[in-house]
Amino acid sequence: MKIASYTIGGTDSFGVVTGDRIVDLRKRLPAEYATLRDVIAAGALDQARQVADGQPGDYAFGDVTCLPVIPYPEKILVVALNYDEHIAETGRAKTENPAWFIRVPPSQVGHRQPLIMPTVSDNFDFEGELAVIIGTGGRAIPAASALDHVCGYSCYFDGSIRDWQRHTRQITAGKNFDSTGGFGPWMVTADEIPDPQTLELMTRLNGKVEQHCSTGQMVFSVAQLIEYCSTWTTLVPGDVIVTGTPGGVGFKRTPPMFMKVGDAVEVEIERVGTLQHEVRSGS
């Protein structure tokens, strides 16, 4: 099942995507389920499936304004340096444990919404990644049962302002400019992806493949990431774990290759979907 969050007619909603149509869930589910995050927290995905089953669709997917899959998660935890090829191109050493940073909700936009080039930098780089959405929360979750805590997967564009990453040893600033990340186009429920380490991932810039890998090449698997981060923070339903980018980023090329205003970028993940954005200038 694919579930997208969106706005239509000035109202935020969410629904099941079937072909090119959306079955609106907010109008069919009880009022306490105002967002997809509410449905996940209540463990009501099966109920959502039941009310959408057999419905013809309320809107064309192309007619809605997509929001990030989870517009306001409690946490967006992002992994750095989780593919050998990316580690090698940065010249960094492989670490015993995963390295993390945090993105904030205003830094992300939904599918087909513009990415905004900051006025203070033109070092806007691309990173395509797999996003994991937590369904059942917990603390100190063992890797052996970690995937039982996942409710779905999505595509993530971890847009990076490279010069601002290098202002200090902490990279948070360069990862959190408003509207520089993308999250979508929808969540594919975990029952459709029993093994998240078997997915092909590609990032395309203006139609050309710039990153290409299998998620099986992750240094730390999805299960290991959940085990590790749940040791130091309590995961809650709707939390998002972004699992790292493969090699091929622009700032490590000679000469560096950064995105420009007007560029089109796509993140495609097998069995998940394709996230699409255009880069626009900031105000």
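Computed from the coordinates by the stated procedures, all read-outs in this text should not be read as laboratory data. Remember, predicted model here, so these are calculated numbers, not experimental data. Neighbour counts run over all protein chains shown; Cβ positions are idealised from the backbone, glycine included.
Summing +1 for each Lys or Arg and -1 for each Asp or Glu, what net charge is found among the other residues whose Cβ lies under 12 Å from the Cβ of Val17?
Local charge sum for Val17: -1.
Along its three principal axes, how long is region 152-283 when you only count alpha carbons? Whole Å, largest extent first please.
39, 34, 29
Summing Lys, Arg as +1 and Asp, Glu as -1, what charge do residues with Cβ under 11 Å from the Cβ of Gln108 carry, Gln108 excluded?
Counting the neighbours of Gln108, the net charge comes to 0.
Would you kindly calculate the mean projected area, averaged across all directions, of the convex hull enclosing the Cα atoms of the chain, in square nanometres?
Answer in nm², one decimal: 14.3.
With a cut-off of at most 15 other beta carbons within 10 Å, and DSSP calling the residue loop, which GluC sites (Glu not before Pro) in region 63-158 qualify? Please list them.
Qualifying residues, ordered by number: Glu96.
Relative to the present Cα-Cα distance, how much length would full extension add between Asp191 and Ala264 at 0.36 nm per residue of separation?
Once the chain is fully extended between Asp191 and Ala264, it gains 23.2 nm.
What is the set of long-range amide H partners of Gln211 at a cut-off below 5 Å, with H atoms built 1.01 Å from backbone N?
The answer is Thr203.
Using each residue's phi in region 216-231, evaluate 6.51 cos²θ - 1.76 cosθ + 1.60 at θ = phi - 60° and report the 3J(HN,Hα) Karplus result to the nearest Hz, with x for Gly and Pro.
Once rounded to whole Hz, the list reads x, 8, 4, 5, 10, 5, 4, 4, 5, 5, 5, 4, 5, 6, 6, 6.
If contacts are Cα pairs under 8 angstrom and at least 6 residues apart, what is the relative contact order of the chain in percent?
About 25 percent, as a whole number.
For an R0 of 35 angstrom, estimate the FRET efficiency from the Cβ-Cβ distance between Ala144 and Glu89 and round to the nearest 0.05.
E(calc), rounded to 0.05, equals 0.60.
Along Cα→Cβ, 7 Å out, is where each label goes; now give me the distance between the ones at Thr254 and Thr172 in nm to one decimal.
Inter-label distance under the simple model: 3.6 nm.
Which residues' amide hydrogens lie under 5 Å from the amide hydrogen of Ser221, considering only partners 5 or more residues apart or on another chain, with H built in the peptide plane?
Excluding prolines and chain starts, which carry no amide H, there are no hits.
What does a probe at Val104 reach in region 71-85, counting residues whose amide N is under 18 Å from the point 7 Å along Cα→Cβ?
Under cut-off, by backbone N: 71-78.
Quick one: grab the alpha carbon gyration tensor of region 1-156, order the square roots of its eigenvalues as a ≥ b ≥ c, and give me rounded if a/c is under 1.5, else prolate or oblate depending on whether a/b is larger than b/c.
Taking the square roots of the gyration eigenvalues as a ≥ b ≥ c, region 1-156 is oblate.
Hey, got a sec? Which trypsin sites (Lys or Arg not before Pro) in region 147-243 land in a DSSP loop and have at most 12 other Cβ atoms within 10 Å?
Loop-located and lightly packed - Arg169.
Full-extension gain between Ala34 and Gln55, please, as 0.36 nm times their residue separation minus the C-alpha to C-alpha distance.
So the extension gain works out to 5.6 nm.
Starting with the fewest neighbours, write out Lys2, Lys252 ranked by other beta-carbon atoms found within 10 Å of each beta-carbon.
Lys252, Lys2
What ³J(HN,Hα) values, in whole Hz, does the Karplus curve 6.51 cos²θ - 1.76 cosθ + 1.60 give for region 21-31 when θ = phi - 60°, with x put for Gly and Pro?
Residue by residue, region 21-31 yields 10, 10, 8, 5, 8, 4, 7, 10, 9, x, 4 Hz.
Enumerate the amide H contacts of Asp263 below 5 Å, restricted to partners 5 or more residues apart or on another chain; note that Pro and chain-start residues carry no placed amide H.
For Asp263, whose amide H was placed from the backbone, the distant partners under 5 Å are Val279.
Where does each of Met257, Met218 land when they are ranked from fewest to most other beta-carbon atoms within 10 angstrom?
Listing Met257, Met218 from fewest to most nearby Cβ atoms yields Met257, Met218.
For the chain, what is the mean residue ellipticity at 222 nm derived from helices alone (per DSSP H run of n ≥ 4: -39500 (n - 2.57); sum divided by total residues; nearest 500 deg cm²/dmol)?
Helix-only estimate at 222 nm: -3000 deg cm²/dmol.
Using the Karplus curve 6.51 cos²θ - 1.76 cosθ + 1.60 with θ = phi - 60°, what ³J(HN,Hα) values do you get for each residue of region 74-86, in whole Hz, with x for Gly and Pro?
5, 9, 10, 9, 10, 9, 9, 6, 10, 10, 4, 5, 6
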